[in-house]
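*Asks:* Pasting a structure below so you can have a look.
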Amino acid sequence: WSSDVCSSDLEASRLIRQDDWVVIDGDAGVVIVNPSPIVLEEYRFRQRQSELERARLDRLRHTPAVTLDGQAVELLANIELPGDAAGVVEAGAVGVGLFRSEFLFMNRGGDLPGEDEQFEAYRDAVVALQGLPVTIRTVDVGADKPIERMSPQELRHEHGLNPALGLRAIRWSLAEPGMFRQQLRALLRASAYGKVRILFPMVAQLGEVRLIFEALARARQQLDEAGRPFGRVEVGAMVEVPAAALLIDRFLRHFDFVSIGTNDLIQYTLAIDRDNDDVSYLYRPLHPAIVRLLRGVAVAGREAGIPVSLCGEMAADPRYTWVLVGLGVRELSMHPSAIPVIKNIIRSSDIKEMEALAEQVLDVSDADEAEEIVLSVMRERFPEHLQHGGGQPLQGERGQGVPEGGEP
């Protein structure tokens, strides 16, 4: 190509002038300035093809995600605010698999939302889902999601304390019992308007399970005493700490469902700070240890008759769909925009070939080999969804955080 490719903001300001034609290729990660007529026509053709593909996928919006041989997979949506709920129904999701309630708590200058404000937000989301289930995670702050009220000791700071291992998520809620019961009361009140599932993050010990149910009982008692109506809720735990995955049979005795948070489960299992550029190349979703943990949780859930959902970034990545379903996960929760592609993959597949790929991945002992196997199969079967590797490149692929001259 005779065009210039911009690699930085500085280069962009030097190369791009008023009235220049610019092509922004988000998949390839390049900006093309003054493309030749041939290149411009190629991108116009890609755009037309993309629009046709979107229209085709849109026709699947209200069809179930069922494999060719009849295995149903529930596709749910992740949301951050009540206003996002409308997009869930529009995307054809069968419910909300993760409502991140912490976004109601952030950027408020330390002024936390009261019970009534929270209740109204949860109720609005529940009503907007028109009878579909809404899974609301209790506040998950700390580490990468601090709020102004938290002390500097609880956040990342110059002394090098690791906030990912500190007072965060359920630990922070249990350390703030008044705030915690306030949120629980708001959630219980919202359950009078539809199907609510309460999800507790970062549960790692059975002692925390006992405290959670004590707090729930107290919140119900307070609502009873105040004469406020509330409904029945299902109660679930996030599996994002290796301890929870290893003790999953014990946890399943207490909860109505569990949801795997792969983002943190990978981070904690591999001791990798996924936000640290120096080590992010070691963040491997298909590391054998991760695959075995996922399989163990899925199998335990099936044997106990307890639903197992997965709401991490892996759920939205078309490269991993076969592996996750093949391992036994039957609920995937993701950004609403990812649902059409994942649904198309499921509807175009046979559960036996998914399970066969999962078994192949389980048999290998190296993340590189697992990634090579999965990418080879998925790119051959679904080139339209993995033309550029399918979303972000695998963390182990060359160029993604690998030290110069080093091996991934």
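*Asks:* Out of curiosity, is I306 without any contact (Cβ under 8 Å) to a residue 60 or more places away in the chain, in contact with a Phe, Trp or Tyr (Cβ under 8 Å, 6 or more places away or on another chain), surrounded by 17 or more Cβ atoms within 10 Å (Cβ to Cβ) and not in a loop (DSSP other than H, G, I, E, B)?
*Replies:* Working: without any contact (Cβ under 8 Å) to a residue 60 or more places away in the chain: yes; in contact with a Phe, Trp or Tyr (Cβ under 8 Å, 6 or more places away or on another chain): yes; surrounded by 17 or more Cβ atoms within 10 Å (Cβ to Cβ): yes; not in a loop (DSSP other than H, G, I, E, B): no.
In short, no.
*Asks:* Quick check on F119: is it over 23 Å from the mean Cα position of the chain (by Cα), aromatic (F, W, Y), over 20 Å from G83 (Cα atoms) and modelled with pLDDT of 95 or more?
*Replies:* Working: over 23 Å from the mean Cα position of the chain (by Cα): yes; aromatic (F, W, Y): yes; over 20 Å from G83 (Cα atoms): no; modelled with pLDDT of 95 or more: yes.
Considered against the rule, which asks whether it is over 23 Å from the mean Cα position of the chain (by Cα), aromatic (F, W, Y), over 20 Å from G83 (Cα atoms) and modelled with pLDDT of 95 or more, F119 comes out as no.
*Asks:* Are any of the residues in segment 133-149 at pLDDT 90 or above, within 23 Å of C311 (Cα to Cα), outside any loop (DSSP other than H, G, I, E, B) and of a type outside the set (A, V, I, L, M)? Show your work before the answer.
*Replies:* Residues of segment 133-149 that are at pLDDT 90 or above, as a first pass: 133-140.
Narrowing the set further to residues that are within 23 Å of C311 (Cα to Cα) leaves 133-140.
Subsequent filtering for residues that are outside any loop (DSSP other than H, G, I, E, B) retains 134-137.
Next, only the ones that are of a type outside the set (A, V, I, L, M) stay: 135, 137.
Yes: segment 133-149 contains one or more residues that are at pLDDT 90 or above, within 23 Å of C311 (Cα to Cα), outside any loop (DSSP other than H, G, I, E, B) and of a type outside the set (A, V, I, L, M).
*Asks:* Mind counting the residues in segment 184-201 that are open to solvent by less than 40 Å² (accessible area, probe 1.4 Å) and out of contact with any Phe, Trp or Tyr (no Cβ under 9 Å at 6 or more places or on another chain)?
*Replies:* Within segment 184-201, residues that are open to solvent by less than 40 Å² (accessible area, probe 1.4 Å) and out of contact with any Phe, Trp or Tyr (no Cβ under 9 Å at 6 or more places or on another chain) number 4.
*Asks:* Checking the conditions here, which among D249, D256, D264 is surrounded by fewer than 16 Cβ atoms within 10 Å (Cβ to Cβ) and in contact with a strand residue (DSSP E or B) (Cβ under 9 Å, 6 or more places away or on another chain)? I'd like the intermediate steps shown before the answer.
*Replies:* Numbers: D249 fails: in contact with a strand residue (DSSP E or B) (Cβ under 9 Å, 6 or more places away or on another chain); D264 fails: surrounded by fewer than 16 Cβ atoms within 10 Å (Cβ to Cβ).
That would be D256, the only listed residue that is surrounded by fewer than 16 Cβ atoms within 10 Å (Cβ to Cβ) and in contact with a strand residue (DSSP E or B) (Cβ under 9 Å, 6 or more places away or on another chain).
*Asks:* Among the residues of segment 241-259, are any closer than 18 Å to G97 by Cα and either small (G, A, S) or over 23 Å from the mean Cα position of the chain (by Cα) (or both)?
*Replies:* yes
*Asks:* Just the residues that are in a strand (DSSP E or B) and surrounded by 13 or more Cβ atoms within 10 Å (Cβ to Cβ), please, taken from segment 24-43.
*Replies:* As a first pass, look at segment 24-43 and keep what is in a strand (DSSP E or B): 24-25, 30-33.
Those that are in a strand (DSSP E or B) and surrounded by 13 or more Cβ atoms within 10 Å (Cβ to Cβ): D25, V30, V31, I32, V33.
*Asks:* Output the residues belonging to segment 270-287 that are open to solvent by 40 Å² or more (accessible area, probe 1.4 Å) and in contact with a helix residue (DSSP H, G or I) (Cβ under 8 Å, 6 or more places away or on another chain).
*Replies:* Listed by number, the residues that qualify are D273, R274, L282, H287.
*Asks:* List every residue pair whose Cβ atoms sit under 6 Å apart, with the two residues 6 or more apart in sequence or on different chains, where the first one lies in segment 76-92 and is open to solvent by 20 Å² or more (accessible area, probe 1.4 Å) and the second, anywhere, is of a type in the set (F, W, Y).
*Replies:* E80/F103; L81/F103
*Asks:* If you don't mind, another one. Given E384, E359, E353, which one is surrounded by fewer than 16 Cβ atoms within 10 Å (Cβ to Cβ) and either of a type in the set (V, I, T) or at pLDDT 95 or above (or both)?
*Replies:* Details: E384 fails: either of a type in the set (V, I, T) or at pLDDT 95 or above (or both); E353 fails: surrounded by fewer than 16 Cβ atoms within 10 Å (Cβ to Cβ).
Every option except E359 fails the conditions.
*Asks:* Within the bounds of segment 317-332, is there any residue that is open to solvent by 10 Å² or more (accessible area, probe 1.4 Å), touching a residue at least 60 places away in the same chain (Cβ under 8 Å), touching a His at 6+ places or on another chain (Cβ under 7 Å) and within 24 Å of E240 (Cα to Cα)?
*Replies:* The answer is yes; a qualifying residue exists.
The values are calculated or read from the model by the stated rules, or taken from the named source; none is laboratory data. Keep in mind that this is a model prediction, so the values were computed, not measured. Ideal geometry is used to build each Cβ from the backbone, glycine not excepted, and the neighbour counts take in all protein chains shown. Remember, those area values only see protein heavy atoms, side chains included, never the ligands or the DNA or RNA. Shrake-Rupley method; radii C 1.70, N 1.55, O 1.52, S 1.80 Å.
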